[in-house]
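What follows is a single structure, written as C-alpha cells, with notes after it.
The values are calculated or read from the model by the stated rules, or taken from the named source; none is laboratory data. Predicted, not measured: the structure shown is a model, and the values here were computed from it. Using ideal geometry, Cβ is built from the backbone for each residue, glycine included, and neighbour counts are taken over all protein chains shown.
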Amino acid sequence: MVDIGLFTQIVINGLLLGGIYVTIGVGFSLAFGVLEVVDFAVGEYVMVGAFMGAVLAPVFGSEGIFAIPIVLVVFFALGALIQPLIHHVTTGDRPHPLLMGLVFTFGLATFLRGSVLTIFGPNNRDVPSSLLTGGVTIPGLGTFPVVRTVTAVFGVSGLIVFMYYLYRTRGGMAIRAIAEDRTNARLMGININRYQSIAYGAYAALTGSAGVFIGMTFTANPGMGLQYTAFAFFMVVLAGMGYLPGVIIAGIVLGLTQSFTAVYISGNVVLLVLFAIIYGVLLVSPAGILGKGEWAT
Amino acid sequence: MTDAVPFLDRIPGARRYWYVGIGALLLVWPMVFGNFWARIGIGALMWIGLAQSWNMIGGYAGYLDFGHGAYFGIGAFAAGIAMVQFGYPFLVGFALAIVVSAAVSYLVAVPTLRLTGAYFAIATWAFAESMKQAALVTGITGGTFGLSLPRSPDTLIGVAVPFEIAETFFYYAMLALCLGTMALTYYLFERNEFGYRVKAMRDDQDAAESLGIDTTRVKRQVYVLSCMVAAVFGSVHAWYIVYIHPNDVLAPIITDRMVIMALLGGLGTLTGPVAGGLLVFLLERLSSVFLGSTTFYLPLIGTLIMITVLFAPSGIIGILRGEVDRGDVRRNVKELGEKFDLL
C-alpha cells in the first residue's frame, strides 16, 4: 500500500532537486560542446562552492544566500583562468588531446578535493541560512521546504538567463559558433580564446553557486563532489550527447530518482541505482532516452 | 635466428650488467635489508604492477579507466569473502578474484566500451563509486565493519606450509606478480601482433576497422585483461594487510595513484609505469614520514597530474628519450600565455 501523502511529498522533493541539477547538467553539456572536454572537475566546483558558502555565511550573519554574488564572481574568474589551461592541453601537436584534457580535469578535481580536505578536514560543515527555514504546506499535496524551493527557482532562473545569453545575444552566438566549428569561428573573426573563457567562466559560476544552494539543502563535505560529477554525467548520457532540452528532462528524472531511492531503498545506494539506469540506457538506446542526441559511440 | 641467442646476449653492451645487478638485488632484497624495507618493496612492487595494469587499458589502448581501482577492491573482497565467509584457503580466493573480476569487467565492458573515451572514463568511474556503495551496504563484504582475513600457516593452500606467511613471503609473491605483469605486458603489447592491433585501434579507430580489426573485441580483451591483473594484486594485498574495508580498498585514491604513476612515467610504454610507480610511491612514503599522516598528498598528486599534462605529456620516459626538452617547455609556456585573452 503506497502512502499517497508520502508519494506526493517525494515527487515534490524530487522536482525541486531536479531544478538545481538541470543547471549543473546544462553547464556540463555546454562545456563539452564548446571546449570539447568532459569536465571531471564539475562536482568539485559544486563542493568548493558549498565550502565557500560555509565560510562566507558567518561573515553575513549566518546567511549563506548573501555569499552567492561573491561565489559567482570568484568562480567566473576561476573558470576564465582555468579554461586556457584546458584549451592548451586539448590542442596543439600532442598525442591524444581529448584524453589529455580529461586527465587534466581529473588532476584538477583531485587537487580541489585534496586541498579542501587538507584545509577543512573530513567533517561535514553546515551552510547556515536563517532566512530560508521552514516550509509552505499545501493541503493535499505536501510541504514545499523554503530552501529547496528557492534553490529550484534559482536553478531555473539561472538556466533561463544562461539560455538567453546563449541564444539571444551576439556573445552567445559566438559561443555557439565555436561549439559548432572552432576553426571556422576563428576565421569569422571570433576571438575564440575570449569567448571560450567567458563560456567556461559562466558555467563555473553557475555550478559554484549551485553548490552553495546544495550546501544549504544538505551539507558541505569534501567528498561530496564525486557524487555530483556522476550526476552530471548521468544527465548527459540520459539526455543524449549534446541535446540540451534532453538535459532538462534528465535533470528532473535524476531528482525524482534520487528522492525515490532515498525513501524506498536507501540514501546510500543512489549511485548504484543511477549506474544501473545508465547501464540499461546504454544497452537499449545509446542516443539517450529521447533518442535525439548524438550516439555516444 | 634470434631464438638461438641467449637472452642476456641480446641486451646490448654494459646494460646487461645493470639487468643482472638489479635482478640479484630484487632477489635478495628482503633477506639483506629486513622487514621494514621488505614492506617498502612490497608496496613498490604492487604499485608498479597496478600502474602497469592501468597502462594496458589507459596507455596502450587509450581508454582512460577512472574506475580501475574497483577491480583492485573486487579482488581484495573476492579473497576476503572466500577466506572469511566460506573458510577457503587463500588460493581459492585468489582464483575467485580472477574469475569474478573477469566476469564483472566483461559485463561492464559491453555497454561502456560503446562510449567515446571521455564518457567511458566517467562511466567506469561511476561504476567504481557504485561498487563502493554496494560493498558498504552488503552483508557478505562485512559492510561498514570490513573483513579481517586469517593468516595462519594453513590458510595458503589448506594444509600447513613449512614457512611463515609474513613479509618475506609477500615480498616474493608481489615480486612474482609484478615481474609476471611486466612480462605479460612486454609479450602482448611490445612483441605481439595483438599489441599492433591495440595501438592501431588507439591511434585511429576507423582506420583500424577498415583494416579488418574488430576494435570492439580488442578493446574488450584489453579491458578484461587489465582488470584481472588489478584484481590479482588486490587479492594478495587483502591478505597482506589482513583487514579490508570498502573505504580503503575501494577508495578513489587507488585509481588516482594508478593514473598519475602511469602518466608521470609515460603512457603506453613498458618502463613508464615502473619509473612513475617507483617515484610516486617513494614520494608518498617520504611525505608521510616527514609530514606525518596527512591528506596533503592529494593536492600534490593533483598538481603533479596537471603539470605533467601541461608540460611533459610523454612523461619521464619521454624526457629520458629526449622527446621533451627545454625548448618545448618554453614554447609551451609561450603558447599557453597567448591563450589568456579575457580582457
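Structure notes:
- For segment B:119-170, filtered to residues that are among the aromatic types (Phe, Trp, Tyr) and over 30 Å from A:SER29 (Cα atoms), the residue that is farthest from the other protein chains (Cβ to nearest Cβ) is B:PHE163.
- Qualifying position, being of a type outside the set (Phe, Trp, Tyr) and touching a residue at least 40 places away in the same chain (Cβ under 8 Å), among A:VAL127, A:VAL103: A:VAL127
- Residue satisfying all of: in segment B:269-299; under 13 Å from the mean Cα position of the chain (by Cα) and within 14 Å of chain A (Cβ to nearest Cβ); farthest from B:MET46 (Cα to Cα) among these: B:GLY272
- Within segment B:269-292, being under 29 Å from B:ALA78 (Cα atoms) and not in a helix (DSSP H, G or I) holds for one residue alone: B:LEU270.
- Exactly one residue out of B:ALA97, B:ALA103, B:ALA135 is surrounded by fewer than 18 Cβ atoms within 10 Å (Cβ to Cβ), at pLDDT 90 or above, assigned to a helix (DSSP H, G or I) and not aromatic (Phe, Trp, Tyr), and it is B:ALA103.
- Selected residue (criterion: nearest to B:HIS237 (Cα to Cα)) from residues of segment B:43-86 that are among the hydrophobic types (A, V, I, L, M, F, W, C) and in contact with a strand residue (DSSP E or B) (Cβ under 6 Å, 6 or more places away or on another chain): B:ALA76
- Applying a threshold of 7 Å to beta carbon distances and a minimum spacing of six or more residues, or different chains, the list of pairs starting in segment B:301-317 at a residue that is more than 7 Å from chain A (Cβ to nearest Cβ) and on the phi > 0 side of the Ramachandran plot and ending at one that is crowded, with 24+ Cβ neighbours inside 10 Å and not polar (S, T, N, Q) reads B:GLY315/B:LEU263; B:GLY315/B:LEU264; B:GLY315/B:GLY265; B:GLY315/B:GLY266; B:GLY315/B:LEU267; B:GLY315/B:GLY272; B:GLY315/B:GLY276.
- Every pair of residues 6+ apart whose Cβ atoms lie under 7 Å, when the first sits in segment B:251-271 and is in contact (Cβ under 8 Å) with a residue 24 or more places away in the chain while the second is part of a loop (DSSP other than H, G, I, E, B) and buried (at least 23 other Cβ atoms within 10 Å of the Cβ): B:THR255/B:PHE66; B:THR255/B:GLY67; B:THR255/B:HIS68; B:MET258/B:HIS68
- Comparison of A:ALA31, A:ALA41 shows that the only residue that is in contact with a Phe, Trp or Tyr (Cβ under 6 Å, 6 or more places away or on another chain), closer than 17 Å to A:SER197 by Cα and either away from chain B (no Cβ under 14 Å) or not basic (Lys, Arg) (or both) is A:ALA31.
- Scan segment A:175-188 for residues that are over 23 Å from the mean Cα position of the chain (by Cα) and within 14 Å of chain B (Cβ to nearest Cβ) and the total you get is 2.
- Scanning segment A:150-199 for residues that are within 30 Å of A:SER130 (Cα to Cα) and surrounded by fewer than 18 Cβ atoms within 10 Å (Cβ to Cβ) yields A:VAL153, A:VAL156, A:SER157, A:ILE160, A:VAL161.
- Hits in segment A:56-77 (condition: more than 12 Å from chain B (Cβ to nearest Cβ), of a type outside the set (Gly, Ala, Ser) and touching a residue at least 40 places away in the same chain (Cβ under 8 Å)): A:PRO58, A:GLU63, A:ILE65, A:ILE68, A:VAL71, A:LEU72, A:VAL73, A:VAL74, A:PHE75
- Answer from B:GLU167, B:GLU190, B:GLU209 - the residue that is charged (D, E, K, R) and crowded, with 17+ Cβ neighbours inside 10 Å: B:GLU167
- Check on A:GLU36, within 21 Å of A:VAL236 (Cα to Cα), buried (at least 24 other Cβ atoms within 10 Å of the Cβ) and not hydrophobic (A, V, I, L, M, F, W, C): no
- Count of residues meeting criterion [closer than 28 Å to A:ILE4 by Cα, surrounded by fewer than 19 Cβ atoms within 10 Å (Cβ to Cβ) and within 12 Å of chain B (Cβ to nearest Cβ)] in segment A:206-265: 1
- Search result, residues across segment A:155-185 that are more than 19 Å from A:SER29 (Cα to Cα) and hydrophobic (A, V, I, L, M, F, W, C): A:ALA185
- Given (1) more than 9 Å from chain A (Cβ to nearest Cβ); (2) under 30 Å from A:ILE198 (Cα atoms), number of the condition B:ASN332 does not satisfy: (1)
- Meets criteria (at pLDDT below 90 and in contact with a Gly (Cβ under 8 Å, 6 or more places away or on another chain)) for A:VAL89: yes
- A:LEU141 falls short on exactly one of the conditions (1) within 29 Å of B:PRO252 (Cβ to Cβ); (2) over 18 Å from the mean Cα position of the chain (by Cα), and that condition is (1).
- Listed by first and then second residue, the pairs linking a residue in segment A:263-278 that is aromatic (Phe, Trp, Tyr) to a residue that is surrounded by 23 or more Cβ atoms within 10 Å (Cβ to Cβ) and in a helix (DSSP H, G or I), with Cβ atoms under 7 Å apart and 6 or more places separating them unless they lie on different chains, are A:PHE275/B:ALA126; A:PHE275/B:PHE127; A:PHE275/B:SER130.
- Of the residues contained in segment A:127-138, one or more are found to be at pLDDT below 90, of a type in the set (A, V, I, L, M, F, W, C), over 23 Å from the mean Cα position of the chain (by Cα) and assigned to a loop (DSSP other than H, G, I, E, B).
- Hey, A:VAL103 within 9 Å of chain B (Cβ to nearest Cβ), surrounded by 22 or more Cβ atoms within 10 Å (Cβ to Cβ) and either closer than 25 Å to B:VAL329 by Cβ or touching a strand residue (DSSP E or B) at 6+ places or on another chain (Cβ under 9 Å) (or both) or not: yes
- Test result for A:LEU283, modelled with pLDDT of 75 or more and either surrounded by fewer than 24 Cβ atoms within 10 Å (Cβ to Cβ) or of a type in the set (A, V, I, L, M) (or both): no
- The single condition among (1) within 9 Å of chain B (Cβ to nearest Cβ); (2) in contact (Cβ under 8 Å) with a residue 60 or more places away in the chain; (3) buried (at least 23 other Cβ atoms within 10 Å of the Cβ) that A:PRO122 does not meet is (3).
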